[in-house]
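Values in this text are rule-based calculations from the coordinates and carry no lab data. These figures come from a predicted structure and were not determined experimentally. Cβ atoms come from the backbone with ideal geometry, glycine included; neighbour counts cover every protein chain shown.
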Amino acid sequence: MESGKTSMDPGEIEKFSKIADEWWDPFGKFKPLHKFNPARLAYIRDAVSTHFGRDRLAKAPFSGLRLLDVGCGGGLVAEPMRRLGAEVVAIDAAERNIKTAAVHAGDAGLDIDYRATTVEALVASGEAPFDVVLNLEVVEHVVEPAAFLAGSATLLKPGGIMIVATINRTLKALLLAKIGAEYILGWLPRGTHDPAKFLTPDEIDRSLGAAGLTVTAHAGVTYNPLMDLWKIADDTDVNYMAVAIKPGIIS
């Protein structure tokens, strides 16, 4: 991608800017993320702790780690990462999201470095690399996923870990994550996702591999309607996460 360009889709930025004030309402438009969050946060905690040889049950297992949360929205992941001890830089292309996140973190007494910027701008600025990069529910909203992931990989230290979470491009995902979630259950505003932008694990793996990373694990996140609970599972047909490592010695 040419210097100065961004993989972010202006339409997607505008879409989420319009509902920025609702990020922290557990019964509002982001209710599914509040339900979804505990499962993915536990997976991230365990994956990062294992990679860096930390005790996942310690009070602050991420202490001393520098973490980048890409597409942070209102801070639903950035705040738990800070509470786990990481030094957190959280970015979002929508300035309204950043303002909402910063106010909430301030009220909670959490020092998080929120910035209204993009991955490409961080790379161009010469930003110091991170131990951990999180790309959660972002790649399905960008114009050029491969370029976006390549830029994200540039921001990762040798020996660092990246976790990508997105939606698979399957009929099951179309029925559940798009039609079911947006049009039948009303979990998400209509138009939140474009199924044409969904990516298969193989596509994510190829992009991460081309960016110089080694994919070490996949995990699905599935919903149990009887228990109203999300959990980590082997089923990657709808929501899934990929863990990738940048070769090199951990500093």
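Rg/Rh for segment 10-245 (Cα atoms only, Rh after Kirkwood) is 0.93.
Binning the C-alpha pair distances of segment 20-64 at 10 Å intervals from 0 yields a P(r) profile of 27, 34, 27, 12 %, listed from the shortest bin outward.
Neighbours of Thr222, meaning other residues whose beta-carbon lies under 10 angstrom from its beta-carbon, give a summed charge of -2 when Lys and Arg score +1 and Asp and Glu score -1. Which one, Ala90, Leu57, Phe148, is farthest towards the positive end of the dipole of segment 10-245 when Lys and Arg carry +1 and Asp and Glu -1 on their Cβ? Selected residue: Leu57. Normalised by residue number, the volume inside the convex hull of the Cα atoms of segment 113-159 is 94 Å³ per residue. Across segment 10-245, C-alpha contacts under 8 Å between residues 6 or more apart give a mean separation that, scaled by the residue count, equals a relative contact order of 18 percent. For segment 52-149, relative contact order (Cα pairs under 8 Å, six or more residues apart, normalised by length) works out to 30 percent.
Diffusion coefficient (Stokes-Einstein, Kirkwood radius over C-alpha pairs, 4 °C, 1.567 mPa s) for segment 60-137: 106 µm²/s, rounded to a whole number.
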